[in-house]
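Step one of this worksheet: look at the structure below.
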Amino acid sequence: QNYLDNFWPDLKAAHELFDSILQARRERESESQENHGKEYPEHLPLEILEAGIKSGRYLQGTLSVNKHRAQLEAFVRLQGFGSKDTG
């Protein structure tokens with residue numbers, strides 16, 4: 001902000017861009033505080049997930065993503081199964 005104010009006081013587009021970036025950063029920090037420091041909010045509380053896994057409603061597994069084709073290729077290895085089960 002100081003740099004723009006001192007060296008480019010008449011460059012309106014740069015000041016607007018800086019304000020936009022600052023606003024986005026404040027919103028992200030606010031969201032982070034609302035989520036207790038977590039980057040992404042939880043979909044379901046842990047207790048519900050654990051109960052669902054025990055009852056058989058949900059399955060627990062490991063997601064593996066192809067680092068070279070992440071948008072197209074991934075599979076889930078379910079716990080308790082000998083082979084790779086995909087879903």
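Odds and ends about this structure:
- Cα-based shape type of region 1-78, given that a ≥ b ≥ c are square roots of the gyration tensor eigenvalues and the cut on a/c is 1.5: oblate
- Rounded to the nearest 0.05, the FRET efficiency derived from the C-beta distance between Arg77 and Glu47 at R0 = 22 Å is 0.35.
- Long-range amide H partners of Tyr58 with built H, under 5 Å: Ile53
- Heavy atoms of the protein chains alone define the surface here; on that basis region 1-78 has 94 Å² accessible area per residue at 1.4 Å probe size.
- Within the accessible area of region 1-78 (1.4 Å probe), percent carbon and sulfur: 53 percent
The values are calculated or read from the model by the stated rules, or taken from the named source; none is laboratory data. Being a predicted model, the structure only gives us computed values, none of them experimental. Heads up, the Cβs are rebuilt from the backbone with ideal geometry, glycines too, and the neighbour counts pull from every protein chain shown. The accessibility values were calculated without ligands, DNA or RNA, using every heavy atom of the protein model including side chains. Shrake-Rupley method; radii C 1.70, N 1.55, O 1.52, S 1.80 Å.
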